[in-house]
Amino acid sequence: MLFIRIFMILFLCCMTIRINLCFSSNPSSLRTLSVDGHFSFDEVHHAAKDFGNRFQLLPLAVLYPKSVSDIATTIRHIWQMGPNSELTVAARGHSHSLQGQAQAHQGVVINMESLQGPKMHVYTGNNPYVDASGGELWIDILRECLEYGLAPKSWTDYLHLTVGGTLSNAGVSGQAFRHGPQISNVHQMEVVTGKGEVLNCSEKQNSDLFHSVLGGLGQFGIITRARISLEPAPDMVKWIRVLYSDFTTFAADQERLIGAESTFDYIEGFVIINRTGLLNNWRSSFNPQDPVQASQFHSDGRTLYCLELAKYFNRDRADALNEEVGNLLSRLRYITSTLFQTEVPYIEFLDRVHVSEVKLRSNGLWEVPHPWLNLLIPKSKINDFADEVFGNILTDTSNGPILIYPVNKSKWDNRTSAVIPEENIFYLVAFLTSAVPSSTGTDGLEHILTQNERILEFCEIARLGMKQYLPHYTTHEEWKAHFGPRWEVFSKRKSTYDPLAILAPGQRIFQKAISFS
């Protein structure tokens, strides 16, 4: 009996130790950490939501850091707990992710917008730049830089996103054909790795980490500060829209524009499916001197293609600008009765999407599911893609914009982690659809997801050489296929900078504490 009692005591002790190891994701160890900010263990539900509104992964805790040290201390603590701990860490900016990428199931979500550090600094000398926190919104960076007559070179269409969030992907908009994505316009960064190390990196210092983190989907480190290239900012923007009825002509004009020495500063296209009387709706957002016949134009249910252009200028050279714009437009083959022009302040143009956000929020239409699909299609396959997708798969009115515009591969750095097609010119195609809650029709979530799957299946069967932007996959094999020959480098970088796979679990690329081979 004594032997049995001793055995039971030892067994229970071992079980207790084992349980503590297996459930080392309990919050007790985090409560003991000394941080300048604070952890929240109760109010965590908001960190289980994002813009996509489809995934809800509840974290164990939310860290509100006041300093970079808070972030490093937390990650280092989890790193030192070793592979037996199930804790993971996700950096959350403005929660604009689509598939739960900034969530951490039973892990720690770091609220990057609460990060306090050195004040944003604008350097105005030769090769101007701005030093900004990884949790800073691009709209606030723009406002600060404009005080000095400067602005970042490359943007996303929506500015209410954080620096760390867009640099972890690429950051693409209508300026990318000229300046490349945002990740091509960064001089240096401060990064907290998956071991809790705080490292400065640039082209010359810790260059492998620098290139790993840019477009790295949060896998190698959390961006806590970035030095971003600037250029002189214009006062105004000449904002233009024209329509095409033929896709081939529309695409050829875009390609001609991005290859010209003298061209517009911003070039984007979008697709309009089955919208009757479209131009009359545009007139409310433009104050143009429109041709009289524009009011008589009707789309009659046809698929149309809109080219959106912008030319930046200062007020003192408005006359010269009008002549230059006229020359550029004269080379294009759009429907002549559909020319719309207006002039707006530079900041108003760049922040134009926020106006739509305010309207949608006021109507309760912002926090709905957003089953977006973003693709990069090689130039040689774009007509095949358009024929099938816009001709057969998408036949209903699109419940959200469909962007389509070309960019130059030469403006992307192939040392970064971003994955793009092989051709010198490729198109961003973005299906930015909103689903109507509870709808079972063509505007419902299930229908849109099925439509997305059909598009992806076509791309695969037709061997278009497509790559996903803001990629989302559910299996390890799909991720390996996405990276292709670059997978080995990507996985080696992971084992170097985040060997326990602590960071960005919501991307579902690596699983914590497993082999990366």
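Name the residues in the stretch 323-351 that are open to solvent by 50 Å² or more (accessible area, probe 1.4 Å), in a helix (DSSP H, G or I) and either of a type in the set (G, A, S) or farther than 24 Å from L146 by Cβ (or both), would you?
Listed by number, the residues that qualify are E323, N327, S330, T336.
I need the strands (runs of 3 or more DSSP E) fully contained in the stretch 104-167, keeping only those with at least 2 residues that are buried (at least 19 other Cβ atoms within 10 Å of the Cβ).
Hits in the stretch 104-167: 108-111, 129-133, 150-152.
Only one of (1) modelled with pLDDT of 95 or more; (2) in contact with a helix residue (DSSP H, G or I) (Cβ under 7 Å, 6 or more places away or on another chain); (3) not in a helix (DSSP H, G or I) is not met by A386, so which one is it?
Every listed condition holds for A386 apart from (3).
S95 - would you say it is part of a loop (DSSP other than H, G, I, E, B) and open to solvent by 20 Å² or more (accessible area, probe 1.4 Å)?
yes
Inside the stretch 467-515, can you point out the residues that are of a type in the set (G, A, S), more than 19 Å from the chain's Cα centre (by Cα) and at pLDDT 95 or above?
Those that are of a type in the set (G, A, S), more than 19 Å from the chain's Cα centre (by Cα) and at pLDDT 95 or above: A481, G484, S491, S495, A501.
For the stretch 223-240, state whether one or more residues are more than 29 Å from V344 (Cβ to Cβ) and without any contact (Cβ under 8 Å) to a residue 60 or more places away in the chain.
No.
Restricting to the stretch 424-442, give me the number of residues that are open to solvent by less than 30 Å² (accessible area, probe 1.4 Å) and in a strand (DSSP E or B).
Summing the residues that are open to solvent by less than 30 Å² (accessible area, probe 1.4 Å) and in a strand (DSSP E or B) in the stretch 424-442 gives 6.
Output the number of the condition that V191 fails; it satisfies all remaining conditions of (1) outside any strand (DSSP E or B); (2) closer than 16 Å to D498 by Cα; (3) of a type in the set (V, I, T).
(1) is the only condition that V191 fails.
Between residues in the stretch 407-423 that are part of a helix (DSSP H, G or I) and residues that are exposed (fewer than 15 other Cβ atoms within 10 Å of the Cβ), which pairs lie under 6 Å by C-beta distance while being six or more apart or on different chains?
K409/N424
Applying the selection to the stretch 176-206, what residues are at negative phi, polar (S, T, N, Q) and open to solvent by 50 Å² or more (accessible area, probe 1.4 Å)?
Q188, N200, Q205
The values are calculated or read from the model by the stated rules, or taken from the named source; none is laboratory data. Everything numeric here is computed off the predicted structure, so don't read it as measured data. Neighbour counts are summed over all protein chains in view; Cβ atoms, including those assigned to glycine, are modelled from backbone coordinates with ideal geometry. Surface accessibility is based on the protein's heavy atoms, side chains included, excluding ligands, DNA and RNA. Shrake-Rupley method; radii C 1.70, N 1.55, O 1.52, S 1.80 Å.
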